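S.K.: Sharing a structure below in structure tokens format, with a few things to ask.
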Amino acid sequence: MSLILENVSHIYGEDTDMVVAALKEVNLEIPDGQFIGLIGHTGSGKSTLIQHLNGLLQPTKGTIYFNGQDINEKSYNRKELRSKVGLVFQYPEHQLFEVTVFQDVCFGPKNLGLEQKEVEMRAYKALKQAGVKEELFYHSPFDLSGGQKRRVAIAGVLAMEPQVLILDEPTAGLDPAGRDEILGQIKKLQKETKITVILVSHSMEDVAEYVDRIIVMNRGEVLFDDMPKEVFKEYKKLEEVGLAAPQVTYIMNSFIKEGFLTSSEATTIQEAKEEILSFLKKKKG
Amino acid sequence: MGIVKAVQLAFEYIRRDEEGNVEGITRAIDGVNLEIEEGQFIAVLGHNGSGKSTLAKHINALLHPTEGTVYVEGMDVREADKVWEIRQRAGMVFQNPDNQIIGQVVEEDVGFGPENLGVETKTIWERVEESLRAVGMYEFRKHSPNKLSGGQKQRVSIAGVIAMHPKCIILDEPTAMLDPNGRKEVIRAAKALNQVEGITIILITHYMEEVIHADYVYVMDQGKVVMKGKPKEIFSRVEELRKLRLDVPQVTQLAHELRKEGLDIPEGILTKEELVEAVKKIK
């Protein structure tokens, strides 16, 4: 059970003057249960890549396998694929449309042709997983706050019970607490249900805090694919491609420059705190 | 009087259900008083729904106060015949660059504002050039805005505002949709306009590290200004900010965590240099 991309290329506007290679020979393996951060500057190919994972775009070259099957074969059931690989777009709350929150979340599973009872059970569960309070279930989604609306939209995808959940900047425009709540909820869900989560984000701090693996895209190619602490060691290269490391990385570099620490693997505040404390302890002792 | 002054400002709107029946009244702004001096760099923080954007929209007369008022360079935003002059003095940049760009070519887009003000053609081109230079986008003047990155588009939006020669620019979450580089570019442009051109900047943001150089930070909650101070003062109040659904820059947070562990480190550390110094002093 996994997603495999083999030499995937995508060229927009082939045979025209406007030809753009959005993906070039991308090879990736995404096993079950990982929490992956996908980063890259605007136009690096992230969005094109994720749209390939549930068959919204087809590669101009190369193959994508989901659970061992080529998803772009004629006989492949792409409708089913889209329920298994759920994609939450940027600003997903713009896609809410139903009269109540609950009905909105029912829309997806209903279209899968499930029985009414099953549809409702799934909607209930998904809303709970996304952290929507029960008292809001029968409100109009348009009366909710921005953060709440976004949870409802995420629940709409969770109700499809995907094995892979892809979120394109789920925290854009949310206040700091809203960011932490949504990402915390997703992390919890990922741990409990063992689904694969791919988080597209522009916040290096969020990525460092939550994911196990980072894929860095640049000019349609995979630049790095490793654990956060390894990727953020390459902060100079990241800056060259319009990205950065979390602020913590820069803080720890200042400590190293001052001869305070010899090296640092910290990418989160918690880790940085421990490194500094253990250094001070050694110095004393 | 400062360039922007709010006096007992309140804004209410009526919530209606599907059939248009009144469900209740929301007081989005609730008695705000503030005074911003010309040339200041001001940051406004607050959780989603705290009233930041509603406040901002009063400053360039997009909303009409329910009670109280706002003065922009002494002009009352309630006076209908002053609206255009106010909007020219206080320009606004929004979150999504794609919703603000209308021209087919960068320089045309920037020229749109002054053209509408009835500025002479020759002067328009001068203004377009100086505005694009001010945000570092002059070399892109002949490009199509569609082909630019988010940060570049946002800088074109800012140039479009500058071309109207405003005294004050209000940026409402201008970096929310941008990648790290784009965020840096936009904040750098805003700072340069403030320092070099002396334009008053009011920056609304959810990114705490963007406001550490501001002259003053206002924090909003439930339509009120609940904190006001220099960044150092504001970010010394970590737990209070948490309760308001906000945060502090990572370096401030790390200093705070170390302090909680019993280390002798002051609150309100805003730069990595300050933190290194503070930790060095520990015996």
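The values are calculated or read from the model by the stated rules, or taken from the named source; none is laboratory data. The structure presented is a predicted model; accordingly, all values stated were derived computationally and were not measured. Quick reminder, even Gly has a Cβ in these numbers, built from the backbone with ideal geometry, and neighbours come from all protein chains shown. Just the protein is used for accessible areas: all its heavy atoms, side chains included, with ligands, DNA and RNA removed. Shrake-Rupley method; radii C 1.70, N 1.55, O 1.52, S 1.80 Å.
S.K.: DSSP loop trypsin sites (Lys or Arg not before Pro) in segment A:126-199 with at most 15 other Cβ atoms within 10 Å of their Cβ, which ones?
M.R.: A:Lys133, A:Lys194
S.K.: Can you give the local net charge around A:Ala159? Use residues other than it whose beta-carbon is closer than 12 angstrom to its beta-carbon, Lys and Arg +1, Asp and Glu -1.
M.R.: 0
S.K.: Now, a different point. What is the Å³ per residue value for the convex hull set by the Cα atoms of segment A:1-132?
M.R.: Normalising the Cα hull of segment A:1-132 by residue number yields 154 Å³.
S.K.: Hey, which lysines would be in cross-link range of B:Lys5, C-alpha to C-alpha under 20 Å, not counting anything within fewer than 8 residues on its own chain?
M.R.: The reachable lysines, counting only those whose Cα sits under 20 Å from B:Lys5, are B:Lys52, B:Lys57, B:Lys82, B:Lys167, B:Lys224, B:Lys228, B:Lys230.
S.K.: Within segment B:1-68, which GluC sites (Glu not before Pro) sit in a loop by DSSP and count at most 11 neighbouring Cβ atoms inside 10 Å?
M.R.: When the GluC sites (Glu not before Pro) of segment B:1-68 are filtered for loop state and at most 11 Cβ neighbours within 10 Å, B:Glu18, B:Glu19 remain.
S.K.: Pulled fully out, how much extra length does the chain show between B:Asp17 and B:Glu267, if you take 0.36 nm times their separation in residues and subtract their Cα-Cα distance?
M.R.: 85.3 nm
S.K.: Using the alpha carbons of segment B:22-79, what is the convex hull volume per residue in cubic angstrom, as a whole number?
M.R.: Hull volume normalised by residue count: 104 Å³.
S.K.: Continuing with this model, one more query. Could you calculate the FRET efficiency of A:Lys133 with B:Asn99 from 1/(1 + (r/R0)^6), where r is the beta carbon distance between them and R0 is 35 Å, rounded to 0.05?
M.R.: With R0 = 35 Å, the Cβ-Cβ based efficiency is 0.65.
S.K.: How big a patch of accessible area, both sides summed and in Å² to the nearest 100, lies buried between A and B at a 1.4 Å probe?
M.R.: So the total buried area for this chain pair works out to about 3400 Å².
S.K.: Something else now. Taking all protein chains in place and a 1.4 Å probe, what share, in percent, of the accessible surface of chain A do carbon and sulfur account for?
M.R.: Of the solvent-accessible surface of chain A, carbon and sulfur hold 49 percent.
S.K.: Take a quick pass over segment A:85-201 and tell me how many lysine pairs come in under 17 angstrom between Cα atoms, counting only ones 8 or more apart or on separate chains.
M.R.: 16
S.K.: Let me spell out the model: positive unit charges on the Cβ of Lys and Arg, negative unit charges on the Cβ of Asp and Glu, origin at the Cα centre of segment A:246-285. What dipole size does that give, in debye rounded to 20?
M.R.: 260 debye
S.K.: Calculate, axis by axis, the spread of Cα positions in chain B along the three principal axes, and write the results as whole Å, longest axis first.
M.R.: Dimensions of chain B along the principal axes of its Cα atoms: 67, 52, 41 Å.
S.K.: Which value, in debye to the nearest 20, gives the size of the charge dipole of segment B:1-56 about its Cα centre, when Lys and Arg are +1 and Asp and Glu are -1 at the Cβ?
M.R.: That gives a dipole near 120 debye.
S.K.: Suppose we keep just the alpha-carbon trace of the protein assembly as shown; what are its Rg and Dmax in angstrom?
M.R.: 25.0, 75
S.K.: What is the sum of charges, Lys and Arg at +1 and Asp and Glu at -1, for the other residues whose Cβ falls under 12 Å from the Cβ of B:Thr69?
M.R.: 0
S.K.: Here's another thing I want to ask about it. Using 15 Å as the cut-off for backbone N distance, which residues of segment A:40-77 belong to the label zone defined by a point 7 Å from the Cα of A:Gln95 along Cα→Cβ?
M.R.: Of the residues in segment A:40-77, A:47-48, A:50-57 have backbone N under 15 Å from the label point off A:Gln95.
S.K.: May I pose another question? Which trypsin sites (Lys or Arg not before Pro) in segment A:1-108 sit in a loop by DSSP (not H, G, I, E or B) and have at most 16 other Cβ atoms within 10 Å of their own Cβ?
M.R.: Within segment A:1-108, the qualifying trypsin sites (Lys or Arg not before Pro) (loop, at most 16 other Cβ atoms within 10 Å) are A:Lys74.
S.K.: What percent does the relative contact order of chain A come to when contacts are Cα pairs within less than 8 Å and at least six residues apart?
M.R.: Worked out over chain A, it gives 22 percent.
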